[in-house]
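Accompanying notes for the structure given below.
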Amino acid sequence: MNILYKSEPERGRLWAERLKTLLPEATFRQWPDVGDPTKIDYLVAWQPPENLSGFTALKVLFSVGAGAEQFDYAALPPELPVVRMIEPGLTSGMVEYVTFAVLGLHREMPRYFQQQREKNWLAHASLPAAKRRVGVMGVGTLGEAVLQPLLQLGFDCAGWSRTPKNIPGVASFVGEAQLGAFLARSDILICLLPLTAATENILNADLFSQLPPGASLVHAGRGKQLNHQHLLNALESGQLAAAVVDVTSPEPLPADHAFWRHSAIWLTPHIASQAQPESALTALLENIRRFERGEPMHGLVERERGY
């Protein structure tokens, strides 16, 4: 078995060491040390090499992250399976980040931090969690996971997805026809959608106008889903009170971008959910074993859906 890794070098070094114990019969190569491309069975990458024509034995392309929209599918062999990363480290990281963000917005921490900078000692009335309505856009593996602690904290939770979901305690809204009703009951909106043609620029003025006045946003989906100027306008008008933004387009933002200095925006550098080297390697090897046994792989991308 020959595995080629093309991504962050330090993680590749750790994987190479661990594989000596976990799968000693495997040959692990790290880009650009390809060796003979005709002998590569599995490619693990964020971006594959530009030309895969020499990789005649390639069986599967694995993404090192939870997303797979970065691949140019037109340039990939049509029969090549593409698999995105699903592993506990990614999930737990997103759960931590979203829980932190929702609690911070629920307790109006951006407002209090601005008051701190202004040396303004002023308390505001707070709502119990049961009276704060949270809506999650994108109820897949990550979306369902982040809902669990929010339910336990007592928030009134709903999810919006392409297909119906049956999660105890969570109201399910489906498709374009029910988007307006979902938005109207989302005091804190969480975006965890994959990037597709339908979700690009979805976080725009029209969507923000359908939220309750004074709502807040947590954006941990994909950078191209957010219209930056429309978010700034919504914050300026008061339609939105605050936003937690982890993903942008481009990344990083230019030094003069308004997000850096906006008092109602918490900006983080795409760190909400990060694959952990140990658990990610375990997930990769399990998928390779599943493929070789002829079993379905976790995270197999449906190209027509884009995720």
Answer yes or no as to whether Glu286 is among the charged types (D, E, K, R), within 19 Å of Gly67 (Cα to Cα) and not in a helix (DSSP H, G or I). no
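What are the residues in the range 84-128 that are of a type outside the set (A, V, I, L, M, F, W, C), assigned to a loop (DSSP other than H, G, I, E, B) and more than 14 Å from the chain's Cα centre (by Cα), if any? Talk me through it step by step, then tell me what you get.
Taking the range 84-128 first, the residues of a type outside the set (A, V, I, L, M, F, W, C) are 84, 87-89, 91-93, 96-97, 99, 104, 106-108, 110-112, 114-120, 124, 126, 128.
Remaining after also requiring assigned to a loop (DSSP other than H, G, I, E, B): 84, 87, 107-108, 118-120, 124, 126, 128.
Of everything in the range 84-128, those that are of a type outside the set (A, V, I, L, M, F, W, C), assigned to a loop (DSSP other than H, G, I, E, B) and more than 14 Å from the chain's Cα centre (by Cα) turn out to be Arg107, Glu108, Glu118, Lys119, Asn120, His124, Ser126, Pro128.
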Residue selected from the range 271-300 under the condition surrounded by 14 or more Cβ atoms within 10 Å (Cβ to Cβ) and within 15 Å of the chain's Cα centre (by Cα), by the criterion farthest from Ala16 (Cα to Cα): Ala272
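State which residue is farthest from Met137 (Cα to Cα) when the search covers only the range 204-218 and only residues that are among the polar types (S, T, N, Q) and surrounded by fewer than 23 Cβ atoms within 10 Å (Cβ to Cβ).
Ser209
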Hey, among the residues in the range 267-280 that are touching an Asp or Glu at 6+ places or on another chain (Cβ under 9 Å) and not in a loop (DSSP other than H, G, I, E, B), which one's modelled with the highest pLDDT? Leu267
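Results for (1) outside the structural domain of Ser92 (by TED's automatic domain parsing); (2) free of Cβ contacts under 8 Å to residues at least 60 places away in the same chain; (3) not charged (D, E, K, R), shown as yes or no for each residue.
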| position | (1), (2), (3) |
| --- | --- |
| Ala220 | no, no, yes |
| Leu231 | no, yes, yes |
| Leu235 | no, yes, yes |
| Ala255 | no, yes, yes |
| Ser263 | no, no, yes |
| Ala283 | yes, no, yes |
| Gly306 | yes, no, yes |
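Out of the residues in the range 91-141 meeting the condition of being acidic (Asp, Glu) and surrounded by 14 or more Cβ atoms within 10 Å (Cβ to Cβ), tell me which one is farthest from Arg185 (Cα to Cα). Explain how you work it out, then say what you get.
Narrowing the range 91-141 to residues acidic (Asp, Glu): 96, 108, 118.
Narrowing further to those that are surrounded by 14 or more Cβ atoms within 10 Å (Cβ to Cβ): 96, 108.
Numbers: Glu96: 24, Glu108: 19 Å.
The residue in question is Glu96.
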Candidate set: the range 173-190, residues that are in contact with a helix residue (DSSP H, G or I) (Cβ under 9 Å, 6 or more places away or on another chain) and either closer than 16 Å to Ser209 by Cα or polar (S, T, N, Q) (or both); chosen: the one surrounded by the fewest Cβ atoms within 10 Å (Cβ to Cβ): Leu179
Can you tell me how many residues within the range 64-83 are at pLDDT 95 or above and either under 18 Å from Phe28 (Cα atoms) or outside any loop (DSSP other than H, G, I, E, B) (or both)? 2
Please give the number of the condition Gly221 fails out of (1) part of a loop (DSSP other than H, G, I, E, B); (2) of a type outside the set (D, E, K, R); (3) surrounded by 20 or more Cβ atoms within 10 Å (Cβ to Cβ); (4) more than 19 Å from the chain's Cα centre (by Cα). (4)
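The values are calculated or read from the model by the stated rules, or taken from the named source; none is laboratory data. Note that the structure is predicted; figures quoted are calculated from it, not measured. Cβ coordinates were reconstructed from backbone atoms using ideal geometry, including for glycine residues, and neighbour counts include every protein chain displayed.
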